[in-house]
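Below is one structure; the comments refer to it alone.
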Amino acid sequence: MATLTAADLRRVLVECSGDSETPGLDEGFLTASFEQLGFDSLALLETAARLKQEFLIDLPDDEVHRVESPQELLSLVREQTTV
């Protein structure tokens with residue numbers, strides 16, 4: 001299983017947003033809320049599916065719905081991969 005970096009997460013978020021010019025996914029994107037970034041629950045589920053496909057990281061849907069920022073998502077991924 002590959003380690004997910006912040007850069008990897010940013011790339012996946014951009015790909016799942018459907019807009020390569022997603023506002024807010026710049027250097028400080030980790031601390032912005034998904035709401036500020038324009039991500040809804042469907043985009044987050046798509047992100048989780050992509051993480052599973054590309055990095056073999058299987059995140060429970062209910063936990064994905066609870067995260068509010070990319071930093072929280074990255075923390076959740078790290079928790080799941082150290083279990």
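Look at [x] 12.5; [y] 13.9; [z] 12.1: the one that is Kirkwood radius over Cα pairs in Å derived from this structure is [x]. When the solvent-accessible area of the chain is split by element, carbon and sulfur atoms take up 48 percent of it, the probe being 1.4 Å.
The values are calculated or read from the model by the stated rules, or taken from the named source; none is laboratory data. Only a predicted model underlies this, so the values are computations on that prediction, with no experimental measurement involved. The protein model used for the area step is the full one, side chains on, heavy atoms only, and it has no ligands, DNA or RNA in it. Shrake-Rupley method; radii C 1.70, N 1.55, O 1.52, S 1.80 Å.
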